[in-house]
Amino acid sequence: MAVCQYISPLNADCVAWCNTHEYGNTLILGMYELRESTQTRQGALQVLQLTDSDSTLTLTVNQTLDTAATFDVAWLPQTEQIFAVACADGTLRLHSFDGQLQETAVLKCDTKAMCLNVSCFDNSVCMGLSNGDIVVMDVIQQDMLHKWHAHDFEAWSAAPDPTNHSLIWSGADDCMLKLWDTRDQGHALKTVRHDAGVTAILPVESQPYIFTGSYDEHVRVFDTRMTKTPVAVCHVGGGAWRLRWHPSDSKRLLVAAMHTGAAELQIGDAFVPTITQQFIQHTSMVYDVSWCVGNSLAASCSFYDRLLCVWMV
């Protein structure tokens, strides 16, 4: 059951709670909308505050920032104040945050392709692009480190290898999960077929395991040393579009499962995931989920109904 809801002005596809206790009741909502009449894309970011009045929780908009249409958002792990946004105009946009968002840099990744995801590590990010390219950026120096063509279809996801950040995993609409060495991008080191497009890749920090999400409605767990078959598979009932770790509990995982809502997974022995909760109050495709720092709350957003929900976990 949702403890509160909010209807966004545009289609909602990204959500992230702020990652510090100082702003623990603040979240950022990203939006993407295609104007059919002009075939142009527009977007916005909103900063919302969760407040408790007489035991009733409400969401209040503190800021609206017009921007390019958003595809994915993430906090840079080495800092608590840099917020990265992958945008449909082929840019990575960086923002400072002190209760309000301030755009500080617009880094061009491509002139024609869209940036579809952003995964942060060290002082860098990696991104999948709509033309199948993978990009690695140094966000401190604001410099493109690597760019190569990895897939012939949309590269929905890219993420660093958990034990060697010189290696990058990519997943795409060609149903392929691939491993690349940024020092030699001529060919993939590994290729793993899925039953549908690979939409999400989530490393297990400092351990040789990754989780993948797919349009085929399954979350898979792979040992990166032996990827011929997954070590575990969990059916989540809808396309697994985003996977998000709990900020302090490495055994808990949220899934944005598109047309079947959101789900919480518990990670058991040998990294076997099981569903412990499903949130099904959305009436459209759920494209993102986020954990609240310090509270037993999660947020999820859905696209066509423009619905942001906060619920108990």
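The values are calculated or read from the model by the stated rules, or taken from the named source; none is laboratory data. Nothing here was measured: the structure is a model prediction, and the numbers come from that model. Every residue, glycine as well, gets a Cβ built from its backbone with ideal geometry; the counts of neighbours run over all protein chains shown.
Observations on the structure shown:
- Residue, surrounded by the fewest Cβ atoms within 10 Å (Cβ to Cβ), within region 128-139, restricted to residues that are touching a residue at least 40 places away in the same chain (Cβ under 8 Å) and part of a loop (DSSP other than H, G, I, E, B): Gly132
- Single residue of region 180-203 satisfying the filter (surrounded by fewer than 19 Cβ atoms within 10 Å (Cβ to Cβ) and hydrophobic (A, V, I, L, M, F, W, C)) that is nearest to Ser157 (Cα to Cα): Ala196
- Filter pass, Cys115 being in contact with a Pro (Cβ under 9 Å, 6 or more places away or on another chain), touching a residue at least 12 places away in the same chain (Cβ under 8 Å), within 24 Å of Leu202 (Cβ to Cβ) and among the hydrophobic types (A, V, I, L, M, F, W, C): no
- Considering residues of region 26-55 that are part of a strand (DSSP E or B) and without any contact (Cβ under 8 Å) to a residue 24 or more places away in the chain only, the residue nearest to His95 (Cα to Cα): Thr40
- Region 163-179, subset farther than 22 Å from Thr111 by Cβ and among the charged types (D, E, K, R), residue surrounded by the fewest Cβ atoms within 10 Å (Cβ to Cβ): Asp174
- Check on Ile140, of a type in the set (Val, Ile, Thr) and under 18 Å from the mean Cα position of the chain (by Cα): no
- Scanning region 148-162 for residues that are buried (at least 17 other Cβ atoms within 10 Å of the Cβ) and free of Cβ contacts under 8 Å to residues at least 60 places away in the same chain yields Ala150, His151, Glu154, Ala155, Trp156, Ser157, Ala158, Ala159, Pro160.
- Looking only at residues in region 251-272 that are loosely packed, with under 14 Cβ neighbours inside 10 Å and not charged (D, E, K, R), the one that is nearest to Tyr287 (Cα to Cα) is Gly268.
- Any hit, region 232-241, residues being surrounded by 20 or more Cβ atoms within 10 Å (Cβ to Cβ), β-branched (Val, Ile, Thr) and touching a His at 6+ places or on another chain (Cβ under 8 Å): yes
- Of the strands (runs of 3 or more DSSP E) contained entirely in region 218-313, those carrying at least 2 residues that are over 24 Å from His21 (Cα atoms) and at pLDDT 95 or above fall at 218-223, 232-235, 262-267, 273-279, 286-291.
- Neighbours by Cβ (under 8 Å, 6+ apart or cross-chain): first from region 254-275, charged (D, E, K, R); second not in a strand (DSSP E or B): Glu264/Val313
- Residues in region 29-47 that are crowded, with 22+ Cβ neighbours inside 10 Å and touching a Phe, Trp or Tyr at 6+ places or on another chain (Cβ under 7 Å) were compared, and the one that is farthest from Met312 (Cα to Cα) is Gly43.
- Per-region count, region 85-103, residues surrounded by 14 or more Cβ atoms within 10 Å (Cβ to Cβ) and of a type in the set (S, T, N, Q): 2
- Test: residue in region 70-77 that is farther than 22 Å from Ala262 by Cβ, loosely packed, with under 14 Cβ neighbours inside 10 Å, within 19 Å of the chain's Cα centre (by Cα) and in contact (Cβ under 8 Å) with a residue 24 or more places away in the chain: yes
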